[in-house]
Amino acid sequence: MIVVTDAAHDSVNDDRDRSSLAWQRTMAQAALVVLFAAVTSIRVGEPLVTIGAAILAVAAFGLAAVAPSAGRRAAAWPLMRTAATITIIAGLLGAALPVALLVTA
């Protein structure tokens, strides 16, 4: 029995796997930024920012952990959208911390 593999199809799947892993790493890095903001807000005594950051950090790590692999999806667009959302949330949280410090000072 001769098994013929489609090299082009395997290459596409390999590219999808690499893309999937890259976007998962991006989401995990953004989640670490959110976690760092949570720890910073604890240290400076901003409880509302701390609670928000902690919730967002758990959500971001959860989204990064449950991101589908290349075999269960057709494109990387959902991962890009999720990574962009987490990155935007991390940026907003990073901006909220100094604003909270200025308001309470």
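All of the numbers you see were taken from the coordinates with simple rules; none came from a lab. Bear in mind that the values here come from a model prediction, so they are computed numbers and not experimental data. A quick note on method: Cβ atoms are made from the backbone with ideal geometry, for glycine too, and the neighbour counts reach across all protein chains shown.
Figures for the structure shown
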{"item": "Length released on extending from residue 59 to residue 44, taking residue separation times 0.36 nm less the Cα-Cα span", "result": "3.1 nm"}
{"item": "Inter-label distance, nm, simple model (7 Å from Cα along the C-beta direction), residue 21/residue 92", "result": "3.2 nm"}
{"item": "Net lengthening on full extension, residue 102/residue 84 (0.36 nm per residue, minus Cα-Cα)", "result": "3.7 nm"}
{"item": "Residue-wise HN-Hα coupling along the range 49-61, computed from phi with Karplus coefficients 6.51, -1.76, 1.60 (Hz; x: Gly, Pro)", "result": "5, 4, 5, x, 5, 5, 5, 5, 5, 5, 5, 5, 5"}
